[in-house]
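The values are calculated or read from the model by the stated rules, or taken from the named source; none is laboratory data. Bear in mind that the values here come from a model prediction, so they are computed numbers and not experimental data. A quick note on method: Cβ atoms are made from the backbone with ideal geometry, for glycine too, and the neighbour counts reach across all protein chains shown.
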Amino acid sequence: MSAQGNTGQQFQHEYDKAIERIRTMPDGVVGWVIRFLQTDLEALTPTEWTLVAFEVASFVDDATHRYGGLMGIESGWSVEGVPEATIFQTIPSRKEALEIQAKVLGQLERYWKEHHAVFTFPQLTLIVTPSGAPGAHKSEIVVVARRKAKEFEYRFAHLLAESGEYIRRCPECATIYLAIRCDQVYCHPRCQNRVASRKWREGRKTNRTTERRKEDRRGKKSGKG
């Protein structure tokens with residue numbers, strides 16, 4: 001096998017491993033996205049970053065049948081995974097991932113504050129295919145975005161529609177987490193206990209202050225008498 005063939009196989013192997021890592025996350029795809037949004041991408045070593053880059057690429061492509069229907073391919077990421085790569089053999093640069101991270105975090109903040117998020121796709125094409133068309137088992141809409149980063153946003157928008165109610169930010173430690181109950185406020189009992197302890201201490205302090213003031217008032221009245 002040629003050197004390029006070996007490189008292509010290695011690329012596909014890393015891509016498949018990235019898909020498997022996402023699928024086996026405790027909270028699946030949603031869990032992976034939450035982790036990605038909170039990862040300090042600039043602090044990653046080259047090896048760590050490469051793993052994340054493959055995960056970003058596989059999130060966009062592997063989520064096809066679960067989030068947002070089909071995506072057509074018009075262009076790849078900016079980094080070629082193999083020499084003379086096809087658009088299917090590319091991964092994002094760190095800069096592309098940072099832009100995605102900032103954009104999605106911004107929309108998530110808006111979702112929490114304003115109860116909606118707005119994703120704009122200025123270069124988006126919709127292709128409608130009838131049932132019976134080559135490779136189509138039913139009538140479908142294929143979405144084509146010129147930039148892979150916009151495909152990520154498209155996937156996230158559908159994920160947000162399905163799971164956004166349970167994607168929350170802990171008011172104690174600011175961690176983004178996936179709630180397991182509709183009434184869950186804190187990401188972990190540790191944070192809940194910390195808040196309860198603080199309120200208890202503040203309550204005791206308030207009570208002591210109130211008692212001191214009462215004693216002072218009683219002392220003044222006794223002095224007058």
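This table checks each residue for (1) assigned to a helix (DSSP H, G or I); (2) more than 30 Å from VAL79 (Cβ to Cβ); (3) touching a helix residue (DSSP H, G or I) at 6+ places or on another chain (Cβ under 8 Å).
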position: SER131; (1), (2), (3): no, yes, no
position: LYS138; (1), (2), (3): no, yes, no
position: PHE156; (1), (2), (3): yes, no, yes
position: GLU172; (1), (2), (3): no, yes, yes
position: TYR177; (1), (2), (3): no, yes, yes
position: CYS187; (1), (2), (3): no, yes, no
position: ARG190; (1), (2), (3): yes, yes, no
position: ALA196; (1), (2), (3): yes, yes, no
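Let's see how each residue does on (1) modelled with pLDDT of 90 or more; (2) not small (Gly, Ala, Ser):
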{"residue": "HIS115", "(1), (2)": "yes, yes"}
{"residue": "GLY135", "(1), (2)": "no, no"}
{"residue": "SER139", "(1), (2)": "no, no"}
{"residue": "VAL142", "(1), (2)": "no, yes"}
{"residue": "PHE152", "(1), (2)": "yes, yes"}
